[in-house]
Structures are given as C-alpha cells and as structure tokens.
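Right, one structure below, let's go through it.
The values are calculated or read from the model by the stated rules, or taken from the named source; none is laboratory data. Bear in mind the structure is a predicted one, so any value in this text is a computation, not a measurement. All Cβ positions, even for glycine, are placed from backbone atoms using ideal geometry, and neighbour counts span all protein chains on display.
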Amino acid sequence: MAGKIWNKEKEENQLRVAQQHLANERTYLAWIRTALAIIGIGFLTISYHLTIGQSHRVSDLLAVLISILSGVFGIGLIITAAVQYLRKRKQIQAQNFQSSYFFVIWGSLVLLIVILIAIAYILIQFMVM
C-alpha cells in the first residue's frame with residue numbers, strides 16, 4: 001500500500017515539473033515573438049520614413065535611431081530570453097524559484113525609451129508637414 005502512495009506522489013511531482021517546463025518554454029516563445037515584433041517595428045519605421053519622401057534632418061535621425069534601437073533591443077531580447085530560459089530550466093530541476101526582476105526592469109526601460117523616441121518622431125513628422 002505504501003508503495004502505491006509513494007508512486008502516486010512521484011507521478012504527481014513529475015507532472016508538476018513537466019508543467020513547469022512547458023510553461024517555461026511557452027514564456028520563452030512569447031519573448032521570441034515579442035523580439036521579432038520589435039525588430040519588425042524598426043524595419044517598418046525606416047521603410048515608412050523612406051516611402052513618405054519628406055526629409056528633415058531631425059526626423060531622419062530619429063527614424064534611423066528607432067530602427068537601430070529596435071534591432072539592438074530585439075537581438076538583446078532574444079539573447080536574454082535564451083539565458084532566462086536556461087536559468088529557469090536549471091531552477092525548475094533544482095526546485096528553486098528566483099524572480100526575473102532585473103530582466104523585467106531592463107526590458108521595460110529599454111522599450112520605454114524606444115516608445116518615447118517613436119513619439120518624438122511622429123510629433124516631428126506632423127510639425128514638418
């Protein structure tokens with residue numbers, strides 16, 4: 001009887017660990033999709049800027065800056081997501097949870113900077129027209 005209870009507890013523990021690993025993989029894939037979308041915003045910004053045909057020194061600089069920052073941030077996000085995935089995988093195996101505080105703060109600040117530059121770009125485009 002004790003053996004059956006122990007096997008059931010072991011099965012439940014394996015199921016919980018498997019669920020945690022699957023959640024970790026879903027989170028990783030979500031960060032990859034986000035990174036690709038951010039890189040796409042950079043390409044979209046420069047493409048839009050080049051197709052409108054108006055050139056202004058500040059808006060040219062901001063369009064290039066948005067594109068470069070989006071690319072760098074997207075690549076950085078892909079690298080960081082991979083590192084976080086591997087860390088979480090080790091933590092799940094060791095059954096030791098640690099929050100991703102730095103990752104969340106870093107990502108939020110960089111994204112905020114890109115958004116502020118994009119807002120400045122849009123405002124300058126409307127002023128020039």
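Sub-7 Å Cβ pairs linking a first residue in segment 110-128 that is farther than 10 Å from residue 66 by Cα to a second residue that is exposed (fewer than 12 other Cβ atoms within 10 Å of the Cβ) and of a type outside the set (D, E, K, R), at least 6 apart or interchain, are 128/54, ordered by first then second residue. On the given criteria, is residue 107 under 21 Å from the mean Cα position of the chain (by Cα), without any contact (Cβ under 8 Å) to a residue 40 or more places away in the chain and crowded, with 17+ Cβ neighbours inside 10 Å? Criteria met by residue 107. Residues of segment 79-99 that are surrounded by fewer than 16 Cβ atoms within 10 Å (Cβ to Cβ) and under 13 Å from the mean Cα position of the chain (by Cα): 79, 82, 83.
Selection within segment 16-69: residues that are among the basic types (Lys, Arg) and modelled with pLDDT under 85. The member of this set that is surrounded by the fewest Cβ atoms within 10 Å (Cβ to Cβ) is 57. Look at (1) exposed (fewer than 13 other Cβ atoms within 10 Å of the Cβ); (2) at pLDDT 85 or above; (3) under 25 Å from residue 51 (Cα atoms) and you find that residue 123 fails only one, number (2).
Within segment 39-70, which residues are under 14 Å from residue 117 (Cα atoms) and within 12 Å of the chain's Cα centre (by Cα)? Of everything in segment 39-70, just one residue is under 14 Å from residue 117 (Cα atoms) and within 12 Å of the chain's Cα centre (by Cα), namely 70. Among residues belonging to segment 86-107 that are part of a helix (DSSP H, G or I) and of a type in the set (Gly, Ala, Ser), point out the one that is nearest to residue 18 (Cα to Cα). Across segment 86-107, the extreme among qualifying residues is 94.
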